[in-house]
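Comments concern the structure below.
The values are calculated or read from the model by the stated rules, or taken from the named source; none is laboratory data. What you are looking at is a predicted structure, and each value in this text was computed from that prediction instead of being measured. Using ideal geometry, Cβ is built from the backbone for each residue, glycine included, and neighbour counts are taken over all protein chains shown. For the accessible areas, the whole protein counts, side chains as well, though only heavy atoms, and no ligand, DNA or RNA atoms are used. Shrake-Rupley method; radii C 1.70, N 1.55, O 1.52, S 1.80 Å.
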Amino acid sequence: MKLNQPIQLGDFAALFNTEFIGNPEQEITGINEIHCVEKGDLTFVDHSKYYQKVLQSAASFIILNTKEYPCPEGKALIFSEDPFEIYNRAVKHFSTFSLSTQLVSSSAKIGKNTIIQPGAFVGNDVVIGNNCMIHANVTIQNHVIIGDHVIIHPGTVLGSDAFYFKKRPGFYEKMVSCGRVIIGDDVEIGAACTIDRGVSGDTVIGQGTKLDNQIHVGHDTRIGRNCLIAAQTGIAGVTVIEDDVILWGQVGVNKDLVIGRGAVVLAQSGVGKSIEPGKVYFGSPAAEVKERFRELASLKQLPNLLKELRK
Amino acid sequence: MKLNQPIQLGDFAALFNTEFIGNPEQEITGINEIHCVEKGDLTFVDHSKYYQKVLQSAASFIILNTKEYPCPEGKALIFSEDPFEIYNRAVKHFSTFSLSTQLVSSSAKIGKNTIIQPGAFVGNDVVIGNNCMIHANVTIQNHVIIGDHVIIHPGTVLGSDAFYFKKRPGFYEKMVSCGRVIIGDDVEIGAACTIDRGVSGDTVIGQGTKLDNQIHVGHDTRIGRNCLIAAQTGIAGVTVIEDDVILWGQVGVNKDLVIGRGAVVLAQSGVGKSIEPGKVYFGSPAAEVKERFRELASLKQLPNLLKELRK
Amino acid sequence: MKLNQPIQLGDFAALFNTEFIGNPEQEITGINEIHCVEKGDLTFVDHSKYYQKVLQSAASFIILNTKEYPCPEGKALIFSEDPFEIYNRAVKHFSTFSLSTQLVSSSAKIGKNTIIQPGAFVGNDVVIGNNCMIHANVTIQNHVIIGDHVIIHPGTVLGSDAFYFKKRPGFYEKMVSCGRVIIGDDVEIGAACTIDRGVSGDTVIGQGTKLDNQIHVGHDTRIGRNCLIAAQTGIAGVTVIEDDVILWGQVGVNKDLVIGRGAVVLAQSGVGKSIEPGKVYFGSPAAEVKERFRELASLKQLPNLLKELRK
């Protein structure tokens with residue numbers, strides 16, 4: 001997320017009582033999780049596996065739990081034994097999310113000819129474009145942005161929190177979500193879908209994409225334009241679905257993957273690795289459809305093969 | 001759908017500015033998609049693969065994009081470069097669906113001793129029988145028909161639009177849904193289910209059938225009597241589930257299939273072909289359970305077989 | 001369920017017009033299904049396969065359809081040709097569940113700093129602890145008990161009826177649910193989940209457990225502490241998930257199983273048998289992950305093996 005008002009590094013360090021290396025007057029302009037950092041952003045790292053990646057990222061301010069690394073040029077380092085906790089506290093402190101107590105918040109901006117049906121909840125600072133249809137009992141959480149000519153069917157939830165927890169001794173600590181959901185023009189989302197908001201960035205559904213019922217889209221996932229996604233498919237977080245992809249029913253897609261442009265995934269497949277553009281996949285774990293069908297055909301012959309070999 | 005008032009072919013052609021062959025005084029009495037046409041119905045066809053099928057169907061009025069075929073006896077042909085567009089415009093024009101702005105529409109007919117819990121939405125022209133329980137936050141869209149002694153658990157959606165789009169260059173065009181959902185007597189539907197309405201015909205759940213939670217039923221699917229369907233199962237459109245079928249949890253059934261009477265499909269199976277009555281199926285893709293278990297048993301032996309063969 | 005007021009066996013028999021063997025002054029203190037009976041409980045059995053099990057259970061009062069067995073010491077037998085019917089009638093008679101006609105029942109006890117968002121339904125006798133967040137369009141049915149610091153995301157349903165039917169000639173008869181849902185402290189439940197209440201006992205989600213979106217939990221299932229359950233997973237009834245278990249997305253778990261402490265089940269797996277503590281499983285049906293990956297690796301080689309063998 002971008003901060004409403006930048007804060008100087010020195011002021012930040014005073015506020016959260018942390019040591020730092022860097023120019024105290026340098027301005028923090030945003031807070032983001034490592035996968036979507038930009039120049040000016042504050043982020044964190046607490047595992048040696050990711051130190052190098054984060055130090056080399058676009059982030060300007062890095063909270064970390066080691067003093068072993070020199071401060072990279074133009075960046076600042078903020079030291080804490082528990083970078084996750086400082087990050088989470090900073091998100092809570094700077095987040096402008098607020099509680100709406102009305103069914104349709106008076107701070108929501110609703111476009112011309114857009115219809116909000118009874119029982120639909122529209123949170124604070126939601127923006128909905130023109131000519132949209134928001135059906136009954138839909139829930140649109142704070143800060144969701146919806147384009148024009150969008151249809152959201154009943155019971156669907158936009159902007160639920162990311163499923164993102166840090167393992168602590170004896171419990172899980174929640175990563176506080178402060179990201180958004182952004183729905184492009186001409187999108188249609190079926191009934192009882194759930195679209196999580198980004199942890200700190202945006203979950204995006206591109207123009208013209210159509211979702212069937214009971215689809216789950218995880219946090220910070222970016223779905224391209226003109227995709228077709230059939231019922232009961234689930235897409236984990238931070239995955240990129242490029243344009244013109246077709247996912248058939250009950251498909252599962254793991255996190256952090258790229259599904260290449262125009263790829264097709266057949267029903268009930270489980271996608272555990274990135275998929276090249278234009279290819280057709282099937283199975284759990286998914287493989288190219290020809291390869292997978294060849295395996296399945298040979299499996300049909302296996303019982304008789306075993307019988308013959310035993311002779 | 002049946003038209004409230006029939007329209008003469010000549011008047012229809014004038015309204016939509018189309019050429020035609022046939023008796024201009026012949027009356028169009030309904031508009032339906034090819035899979036559920038009756039005498040008197042208007043339908044459309046725009047792909048050479050289906051011309052013969054549609055010309056030989058029960059439909060009396062056919063919008064098509066070719067003049068190569070003679071007009072069949074007793075029928076009429078309506079010409080358009082874009083039959084889908086004329087059909088869609090006709091559905092919009094003649095559809096009597098209207099917007100309800102009340103949580104429970106005053107045009108809904110609710111039977112004796114039927115309870116509508118808080119937060120439930122009941123659209124226009126809905127008919128609900130006697131002794132039903134409609135739980136909180138259920139959404140019942142316009143024109144749904146529900147029998148007696150029906151229980152609908154919270155969060156369930158009846159009558160969401162069909163997931164049915166036509167590929168156009170650079171976008172998908174929605175087929176406008178005008179069909180209904182019809183729920184028989186003694187049906188119970190679990191929480192957070194979604195039952196799409198027919199594109200132009202009816203999605204039907206037969207008497208005494210019980211659905212668990214989070215089940216998806218696609219448009220124009222017809223489920224028979226006394227079926228049991230376990231949680232998170234999805235059934236695509238236009239499929240026929242005959243009486244006494246049992247589908248266990250997380251099953252997927254493809255569109256346009258017939259699941260024969262009394263068939264049983266085990267959990268997580270993916271049904272891609274029609275199933276004969278009384279048989280038990282398992283797997284994705286599903287096969288008869290004996291055959292499938294034989295394959296799985298032989299697969300367990302395969303790693304050792306390969307090791308031995310390598311020697 | 002426990003009865004609000006105990007009833008003497010003789011009075012019960014008079015009320016339901018049944019014969020019995022036993023002390024007529026002995027007090028029935030609860031009614032429970034066989035899987036969760038305690039001393040003082042009434043239960044039923046109607047199938048010869050289960051007579052011995054029920055007669056040897058902790059239940060003090062047993063409705064059964066045979067006189068072949070002697071009455072065990074300290075117990076009482078109640079005779080009926082249709083024990084299920086007497087049991088169901090007794091549940092209806094003694095159940096204190098009542099209809100709430102308000103969005104938030106005035107009989108619900110809501111803790112300090114707990115927020116109930118617009119559109120959420122809270123039934124009779126619900127208890128919610130302190131510092132909870134109940135999001136919009138959530139449905140909490142009667143008698144659900146929720147601890148402190150619990151978050152329930154939009155559209156989720158707590159306390160829907162068990163999917164539990166008895167096959168009768170020509171129809172299914174519903175087992176009336178009278179159990180509860182109990183949610184521990186620090187639990188987070190995602191959007192559009194469905195948690196069924198116990199048939200007569202409790203469905204429990206233990207302290208610190210986190211559920212993602214669109215998860216289904218069947219009746220009388222007991223989930224331990226600090227479990228992580230990813231989106232679109234379904235758990236059938238009466239299963240025990242011990243502490244620290246991780247179930248990834250779209251997993252299915254059958255009923256009556258035990259998933260041992262710290263076990264991990266990979267995405268889309270179908271668990272049909274109990275799982276030992278600490279092990280990792282994959283596949284449908286699920287097997288230990290090493291074994292399963294070995295099978296999948298050998299399956300990849302099978303098409304070429306068949307080709308070579310044909311030579």
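In region A:223-239, of all residues being hydrophobic (A, V, I, L, M, F, W, C) and either at the interface with chain B (Cβ under 9 Å from one of its Cβ atoms) or touching a residue at least 60 places away in the same chain (Cβ under 8 Å) (or both), the one that is surrounded by the fewest Cβ atoms within 10 Å (Cβ to Cβ) corresponds to A:228.
Scanning region B:284-305 for residues that are at the interface with chain A (Cβ under 8 Å from one of its Cβ atoms) and open to solvent by less than 30 Å² (accessible area, probe 1.4 Å) returns B:295, B:298, B:299, B:302, B:305.
Here A:182, A:189, A:151, A:195 are screened, and the one residue that is at pLDDT 95 or above, open to solvent by 10 Å² or more (accessible area, probe 1.4 Å) and within 18 Å of the chain's Cα centre (by Cα) is A:182. Condition check: in contact with a Cys (Cβ under 9 Å, 6 or more places away or on another chain) and either free of Cβ contacts under 8 Å to residues at least 12 places away in the same chain or crowded, with 17+ Cβ neighbours inside 10 Å (or both). Does residue C:63 satisfy that? Taking the combined requirement at face value, the residue does not satisfy it.
Before we move on, is residue C:75 basic (Lys, Arg) and buried (at least 18 other Cβ atoms within 10 Å of the Cβ)? Against the criterion (basic (Lys, Arg) and buried (at least 18 other Cβ atoms within 10 Å of the Cβ)), residue C:75 qualifies.
Residues are listed down the side, and each one gets a yes or a no for (1) farther than 30 Å from residue C:247 by Cβ; (2) modelled with pLDDT of 95 or more; (3) in contact with a Lys or Arg (Cβ under 6 Å, 6 or more places away or on another chain):
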residue: A:83; (1), (2), (3): no, yes, no
residue: A:96; (1), (2), (3): yes, no, no
residue: A:100; (1), (2), (3): yes, no, no
residue: A:109; (1), (2), (3): yes, yes, no
residue: A:112; (1), (2), (3): yes, yes, no
residue: A:161; (1), (2), (3): no, yes, no
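Picking from residues in region B:96-128 that are open to solvent by less than 10 Å² (accessible area, probe 1.4 Å) and either of a type outside the set (A, V, I, L, M) or assigned to a loop (DSSP other than H, G, I, E, B) (or both), the one that is nearest to residue C:100 (Cα to Cα) is B:120.
For residues in region A:8-30 being touching a residue at least 24 places away in the same chain (Cβ under 8 Å) and part of a strand (DSSP E or B), which is surrounded by the fewest Cβ atoms within 10 Å (Cβ to Cβ)?
Residue satisfying both the conditions and the ranking: A:19.
Between C:37, C:45, the distinction of being modelled with pLDDT under 95 and away from chain B (no Cβ under 14 Å) belongs to C:37 only.
Region A:131-190 holds strands (runs of 3 or more DSSP E) entirely within its bounds, and those carrying 3 or more residues that are more than 11 Å from chain B (Cβ to nearest Cβ) and more than 30 Å from residue B:173 (Cβ to Cβ) map to A:165-168, A:171-174. Taken as a whole, the structure places residue C:244 among residues that are free of Cβ contacts under 8 Å to residues at least 40 places away in the same chain, more than 19 Å from residue B:192 (Cβ to Cβ), surrounded by fewer than 24 Cβ atoms within 10 Å (Cβ to Cβ) and within 13 Å of chain A (Cβ to nearest Cβ). State yes or no: is residue A:143 open to solvent by 10 Å² or more (accessible area, probe 1.4 Å) and touching a Lys or Arg at 6+ places or on another chain (Cβ under 7 Å)? Yes. Is it the case, given these coordinates, that residue B:111 is within 14 Å of chain C (Cβ to nearest Cβ) and in contact with a Gly (Cβ under 6 Å, 6 or more places away or on another chain)? Judged against the criteria, residue B:111 is not a match.
Of all positions in region A:261-268, at least one carries a residue that is closer than 20 Å to residue C:212 by Cα, within 9 Å of another protein chain (Cβ to nearest Cβ) and not in a strand (DSSP E or B).
From the set of residues in region B:274-311 that are assigned to a strand (DSSP E or B) and of a type in the set (Val, Ile, Thr), which is nearest to residue B:238 (Cα to Cα)?
For region B:274-311, the residue satisfying everything is B:275.
Pairs linking a residue in region C:72-91 that is among the β-branched types (Val, Ile, Thr) to a residue that is in a helix (DSSP H, G or I), with Cβ atoms under 7 Å and 6 or more positions apart or on different chains, are C:78/C:13; C:86/C:16.
Given C:46, C:41, which one is acidic (Asp, Glu) and touching a helix residue (DSSP H, G or I) at 6+ places or on another chain (Cβ under 6 Å)?
C:46
Residues in region B:205-222 that are among the charged types (D, E, K, R) and within 14 Å of chain C (Cβ to nearest Cβ): B:210, B:212. For region C:205-220, the condition of being within 26 Å of residue C:59 (Cβ to Cβ) and among the basic types (Lys, Arg) holds for none of the residues. Beta carbons closer than 6 Å, at least 6 apart along the sequence or on distinct chains, never pair a first residue in region A:264-290 that is in contact (Cβ under 8 Å) with a residue 60 or more places away in the chain with a second that is assigned to a loop (DSSP other than H, G, I, E, B) and among the hydroxyl-bearing types (Ser, Thr, Tyr). Put simply, of B:171, B:163 the only residue that is among the aromatic types (Phe, Trp, Tyr) and buried (at least 18 other Cβ atoms within 10 Å of the Cβ) is B:163.
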